[in-house]
Amino acid sequence: MRNGGNKVTEEAYGTKKLPEEKVFKDPVHRYIHVSDQLIWDLIKTKEFQRLRRIKQLGTLYLSFHTAEHSRFGHSLGVYEIVRRMVDEVFDGRAPWDNKDRPLALCAALLHDLGHGPFSHCFEKIFLTDHEAFTQLIIKGDTEVNEVLRRVSPDFPTEVAEVINKTHENKLVISMISSQIDADRMDYLQRDAYFTGVSYGQFDMERVLRLMRPSKDEVLIKESGMHAVENFLMSRYQMYWQIYFHPVSRGGEVLLNRCFKRAKVLYDQGYSFKEEPKYLIPFFEGEVSIEDYIRLDETVVMYYLEEWTEEADQILSDLSKRFVNRDLFKYLPFDGSIITIGELTDLFEKGGIDPEYYFVCDSFSDLPYDYDRPGSNRQPIHLLQKSGHIKEISSQSVIIHSITGIKRLDYKLYYPKELILEMEDENIKGDIINLLNELV
């Protein structure tokens with residue numbers, strides 16, 4: 001690789017093959033092939049093995065009971081797609097340079113290394129960033145860093161730069177992070193498989209076969225336009241039918257409130273029956289790489305189970321609800337601030353703490369965007385027979401119809417049974433009437 005050290009040694013390890021190819025049986029790709037010593041050594045590190053204990057879909061298993069797959073499987077899947085890109089499609093095609101193969105494979109394998117338990121829900125309450133922690137783990141005093149440094153002293157930084165989208169090789173970045181990248185191509189199919197739906201299915205074989213490398217990005221031959229249409233519509237349907245499922249979001253709301261209550265209690269000096277020592281660095285906002293790696297969903301679920309027996313009634317109740325899937329009810333909502341304010345006041349007057357028991361959850365998605373003013377997305381470009389490049393929404397009526405359109409949705413979450421148990425009939429009636437107006 002570039003810069004520093006004994007070049008012969010560096011290249012020898014970066015391109016060294018295993019005595020015999022290793023394979024992982026996989027429901028999406030049939031087999032995931034590992035022939036490189038570098039990749040095999042990374043898979044065996046404790047930081048990568050930790051991903052077995054991090055669910056890919058967070059709380060979505062509360063809606064789809066088979067959605068129990070891990071970040072480990074997804075990361076292997078992204079690696080396999082990139083491996084196929086470079087070995088089966090790009091090899092021998094300019095401007096692809098095979099010296100960048102180790103960089104592309106390692107960035108693909110490690111792109112989700114910094115995900116925490118329950119992923120995005122955990123990030124919201126403790127203000128962590130999985131991409132930032134991915135880079136810290138890659139560049140820190142870790143087993144992953146030690147393996148990467150066998151390639152060259154600066155190789156960990158290069159891999160981190162690809163994940164941070166700051167590396168000079170824009171082609172490798174686009175393979176892993178773009179609007180039609182290996183990450184999306186794997187998670188759409190994998191998540192569809194494990195949730196038992198067909199929305200995420202698309203013709204990946206055709207998309208891969210018609211990809212072409214360019215200096216700054218992956219291009220799609222114009223004959224592959226309809227396969228890309230299928231891919232983008234699959235993504236659109238997965239987000240609104242699966243990822244934004246209101247029951248799953250309700251589980252995330254509860255989990256968020258559990259963490260929030262536990263942090264408030266810790267800040268107040270509350271004495272927990274069992275000190276949540278692995279969460280304390282997150283409560284205090286001083287999280288080392290070691291603290292972060294130590295925390296996985298097994299640890300978090302243990303604390304949630306313990307909190308069901310806490311003296312604090314709010315933490316105990318919220319934890320019981322999450323552990324036993326006793327979720328809040330939900331209603332669609334138009335985002336009216338006035339209605340939120342009225343209901344918040346009524347909940348408080350009725351003895352229900354709105355900070356934990358009345359939640360307005362909003363979510364949005366932008367299915368596809370292009371390089372227009374205000375957009376920070378890299379568009380999908382079609383390679384025409386003439387050699388000219390065209391942005392795909394200018395050629396596809398289907399993609400044009402969803403381009404730049406941001407869809408928003410709101411849900412209100414609340415404990416219906418606590419409202420019905422209110423002693424003050426006037427307050428109860430006012431709350432029920434306001435909620436009924438939203439339906």
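The values are calculated or read from the model by the stated rules, or taken from the named source; none is laboratory data. Just so we're clear, the structure is a prediction, and the values are computed from it rather than from any experiment. Quick reminder, even Gly has a Cβ in these numbers, built from the backbone with ideal geometry, and neighbours come from all protein chains shown. Just the protein is used for accessible areas: all its heavy atoms, side chains included, with ligands, DNA and RNA removed. Shrake-Rupley method; radii C 1.70, N 1.55, O 1.52, S 1.80 Å.
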Response to the item:
Given the conditions (1) of a type outside the set (Ser, Thr, Tyr); (2) part of a helix (DSSP H, G or I); (3) crowded, with 16+ Cβ neighbours inside 10 Å; (4) modelled with pLDDT of 95 or more, every one holds for residue 34 apart from (2)
Worksheet, complete the sentence: Selection from segment 159-168 of residues assigned to a helix (DSSP H, G or I) and either within 21 Å of residue 44 (Cα to Cα) or open to solvent by 30 Å² or more (accessible area, probe 1.4 Å) (or both) yields 159, 160, 161, 163
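Which residue is most open to solvent (accessible area, probe 1.4 Å), if the candidates are limited to segment 198-214 and must be at pLDDT 95 or above and not in a helix (DSSP H, G or I)?
Checked segment 198-214; the qualifying residue most open to solvent (accessible area, probe 1.4 Å) is 203.
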Discussion item. Scan segment 368-385 and tell me whether some residue there is farther than 26 Å from residue 216 by Cβ and open to solvent by 40 Å² or more (accessible area, probe 1.4 Å).
Written reply: no
Discussion item. One residue is enough: does segment 96-115 have a residue meeting the conditions touching a strand residue (DSSP E or B) at 6+ places or on another chain (Cβ under 6 Å) and modelled with pLDDT of 95 or more?
Written reply: yes
Practice prompt. Being in a helix (DSSP H, G or I), farther than 22 Å from residue 72 by Cβ and open to solvent by less than 10 Å² (accessible area, probe 1.4 Å) narrows it down to one of 171, 148, so name that one.
Written response: 171
Worksheet item: Residue check: is residue 141 within 13 Å of the chain's Cα centre (by Cα) and either among the charged types (D, E, K, R) or buried (at least 21 other Cβ atoms within 10 Å of the Cβ) (or both)?
Response: no
Response to the item:
Note on segment 393-415: residues outside any strand (DSSP E or B), out of contact with any Pro (no Cβ under 7 Å at 6 or more places or on another chain) and in contact (Cβ under 8 Å) with a residue 40 or more places away in the chain are 395, 396, 398, 399, 406, 415
Practice prompt. Sort through 138, 125 and tell me the only one that's more than 26 Å from residue 38 (Cβ to Cβ) and of a type in the set (Val, Ile, Thr).
Written response: 125
Response to the item:
Requiring at least 3 residues that are open to solvent by less than 10 Å² (accessible area, probe 1.4 Å) and either within 30 Å of residue 113 (Cβ to Cβ) or in contact (Cβ under 8 Å) with a residue 12 or more places away in the chain (or both), the helices (runs of 4 or more DSSP H) wholly within segment 244-352 are 246-267, 297-307, 313-323
Worksheet item: Hey, residue 122 hits all of (1) of a type in the set (A, V, I, L, M, F, W, C); (2) more than 19 Å from the chain's Cα centre (by Cα); (3) open to solvent by less than 30 Å² (accessible area, probe 1.4 Å) but one; which does it fall short on?
Response: (2)
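Within segment 100-119, count every residue that is assigned to a helix (DSSP H, G or I) and either under 17 Å from residue 263 (Cα atoms) or open to solvent by 20 Å² or more (accessible area, probe 1.4 Å) (or both).
Number satisfying all stated conditions: 1.
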Worksheet item: In segment 234-279, what count of residues is obtained for those that are among the small types (Gly, Ala, Ser) and under 21 Å from residue 361 (Cβ atoms)?
Response: 4
Item to complete: Starting from segment 416-439, keep only residues that are part of a helix (DSSP H, G or I), then list their pairs with residues that are charged (D, E, K, R) and surrounded by 13 or more Cβ atoms within 10 Å (Cβ to Cβ) whose Cβ atoms are within a distance under 7 Å, requiring at least 6 positions of separation or different chains.
Response: 416/329; 419/428; 427/349; 434/342
Discussion item. Criterion first (within 27 Å of residue 54 (Cβ to Cβ) and touching a helix residue (DSSP H, G or I) at 6+ places or on another chain (Cβ under 8 Å)) does residue 329 satisfy it?
Written reply: no
Worksheet entry | segment 37-66, subset in contact (Cβ under 8 Å) with a residue 40 or more places away in the chain and not in a helix (DSSP H, G or I), residue surrounded by the fewest Cβ atoms within 10 Å (Cβ to Cβ) | 66
Worksheet item: Taking segment 196-233, which residues are in contact with a Gly (Cβ under 7 Å, 6 or more places away or on another chain) and without any contact (Cβ under 8 Å) to a residue 24 or more places away in the chain?
Response: 206, 210
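Could you check segment 304-362 and list, in sequence order, the residues that are among the acidic types (Asp, Glu) and under 28 Å from residue 436 (Cα atoms)?
Once the filter is applied, which keeps residues that are among the acidic types (Asp, Glu) and under 28 Å from residue 436 (Cα atoms), segment 304-362 yields 317, 326, 334, 342, 345, 348, 353, 355, 361.
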Fill in: Residues located in segment 17-31, provided they are in a strand (DSSP E or B) and either closer than 22 Å to residue 193 by Cβ or open to solvent by 70 Å² or more (accessible area, probe 1.4 Å) (or both)
17, 19, 20, 21, 22, 23, 24, 25, 26, 30, 31
Practice prompt. Collect the residues in segment 73-111 that are farther than 15 Å from residue 182 by Cα and in contact (Cβ under 8 Å) with a residue 24 or more places away in the chain, keeping them in residue-number order.
Written response: 93, 94, 95, 96, 99, 100, 102
